Amino acid sequence: DMVKGKTAYDQAAFAKLAVKMEQLSKQPWQHFPAGSDKGKSEAQPAVWTKPAEFKKEIDTFEGRAAELAKAAAAAKTVADVKPAFGAAGQSCKSCHDGFKKS
């Protein structure tokens, strides 16, 4: 809501959430080990058939989450975090488009 202008920008609160996002960005991948493609899943087979591409998406997302946390720590205004926020969001979309079932 802060980035969309629906609520006032609160640098401390935004920075805290950005750090939390960076921490959480490292957690989902443990649920996709080799051989876990059996059974019900919202993941596309490409997670397991294209592991290098999936790893690239993981690395990109983790990097962009870290960049967002860094930007948020130094930001004075919401405009200062918008580019990093947009890049992190685009990374989410890119991975979901390629590796998550619709």
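All of the numbers you see were taken from the coordinates with simple rules; none came from a lab. Predicted model, so just to flag it, every value in this text is computed and none were measured. Heads up, the Cβs are rebuilt from the backbone with ideal geometry, glycines too, and the neighbour counts pull from every protein chain shown.
Checking the a/c ratio against 1.5 first, then a/b against b/c, what shape does the Cα gyration tensor give for the stretch 1-101?
Prolate, since a/c reaches 1.5 and a/b exceeds b/c.
Specify the angular offset, from 0 to 90 degrees and rounded to the nearest 10, of the alpha carbon long axis of helix 51-74 from the longest principal axis of the alpha carbons in the chain.
Roughly 10 degrees between the two axes.
Using Cβ contacts closer than 10 Å as the measure, can you line up 37, 1 from fewest to most?
Starting with the residue having the fewest Cβ neighbours, the order is 1, 37.
Within straight cross-link reach of residue 50, meaning Cα distance under 21 Å, which lysines are found once same-chain residues fewer than 8 apart are removed?
26, 38, 40, 93, 100, 101
Between residue 52 and residue 4, how many nm apart are label points set 7 Å from Cα along the C-beta direction?
4.0
Within the stretch 1-31, whose backbone N sits under 19 Å from a point 7 Å along Cα→Cβ of residue 80?
Correct set: 1-22.
For the chain, with only Lys/Arg (+1) and Asp/Glu (-1) charged at the beta-carbon, what is the dipole magnitude about the Cα centre, in debye rounded to 20?
Rounded to the nearest 20 debye, it is 140 debye.
Which whole-number value in Å³ per residue fits the convex hull of the alpha carbons of the stretch 48-102?
Each residue corresponds to 61 Å³ of Cα convex hull volume.
Count neighbours as other Cβ atoms within 10 Å of each site's Cβ, and list the trypsin sites (Lys or Arg not before Pro) in the stretch 11-57 that are DSSP loop with at most 10 such neighbours.
Taking the stretch 11-57 and a limit of 10 other Cβ atoms within 10 Å, the loop trypsin sites (Lys or Arg not before Pro) found are 38, 40.
In the stretch 1-93, which GluC sites (Glu not before Pro) fall in coil by DSSP and have 11 or fewer other Cβ atoms within 10 Å?
When the GluC sites (Glu not before Pro) of the stretch 1-93 are filtered for loop state and at most 11 Cβ neighbours within 10 Å, 42 remain.
For a test of the definition: using alpha carbon positions, the gyration tensor, and the 1.5 limit on a/c, classify the stretch 8-56 as rounded, prolate or oblate.
prolate
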